[in-house]
Amino acid sequence: MPKRTLPPGVGPHNGRELEMMLQGEKPMALFAAEPGMDAGDIGDALFKPFVDDGHILKFSYIDPGTSVEERRYCLPTEEWRCKLSLLISQMCRDGEAFDVFTRNDLARLEGTLLGYPKDSIEAFISHAGSLKF
């Protein structure tokens, strides 16, 4: 399968979430930890000292059906982002979200909660819509 590249303006923050959060550039980060994954696989150990001292807040939810743990991190006063993200995630698992939102709506919501600029979100949606699976 050919390597997919992202369009200009859309860049993954993988491995940079903590740095960006500590600089105030990113209000929230979201990770999924599948059973058997090491905490280091998703940077949990990097976040721990900042969670312990209160500079970053952690919200965790384990899906009882899949045992996948969703880990949300946010800056203080941005807890609403983690709570809304969890609510949307639960609505997606239950299928309710798709009665209300399109996939593009959900991408916009997630991108906004994670702190991406609107133009980056729209570029991602446009790019994702052009992919053939």
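The values are calculated or read from the model by the stated rules, or taken from the named source; none is laboratory data. Just so it is clear, the structure is predicted and the values come from calculations on it, not from any experiment. Methodologically, a virtual Cβ is constructed for each residue, glycine included, from the backbone with ideal geometry; neighbour enumeration extends over all protein chains shown.
Evaluating GLY9 against the criteria (1) modelled with pLDDT under 95; (2) part of a helix (DSSP H, G or I) leaves one unmet condition, (2). What is the residue count in segment 89-105 for residues that are of a type in the set (Ser, Thr, Tyr) and outside any helix (DSSP H, G or I)? Counting residues in segment 89-105 that are of a type in the set (Ser, Thr, Tyr) and outside any helix (DSSP H, G or I) gives 1. For segment 66-75, the set of residues classified as on the phi < 0 side of the Ramachandran plot and outside any strand (DSSP E or B) consists of THR66, VAL68, LEU75, listed by residue number.
Conditions (1) modelled with pLDDT of 95 or more; (2) assigned to a helix (DSSP H, G or I); (3) of a type in the set (A, V, I, L, M), marked per residue:
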site	(1), (2), (3)
LEU18	no, yes, yes
GLU25	no, no, no
LYS58	yes, no, no
THR77	yes, no, no
LEU84	yes, yes, yes
LEU87	yes, yes, yes
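Only one entry of GLY65, GLY115, GLY111, GLY54 meets the criterion of being within 12 Å of MET28 (Cβ to Cβ), free of Cβ contacts under 8 Å to residues at least 60 places away in the same chain and small (Gly, Ala, Ser), and that entry is GLY111. Of all residues in segment 13-61, those satisfying the criterion of being surrounded by fewer than 13 Cβ atoms within 10 Å (Cβ to Cβ) and more than 24 Å from ILE121 (Cα to Cα) are GLU34, PRO35, GLY36, ASP38, GLY40, ASP41, ALA45, PRO49, ASP52, ASP53, GLY54.
Is it the case that some residue within segment 45-61 is out of contact with any Gly (no Cβ under 8 Å at 6 or more places or on another chain) and closer than 24 Å to ASP119 by Cβ?
Narrowing segment 45-61 to residues out of contact with any Gly (no Cβ under 8 Å at 6 or more places or on another chain): 45-61.
Those left that are additionally closer than 24 Å to ASP119 by Cβ: none.
Looking for residues that are out of contact with any Gly (no Cβ under 8 Å at 6 or more places or on another chain) and closer than 24 Å to ASP119 by Cβ, one finds none in segment 45-61, hence no.
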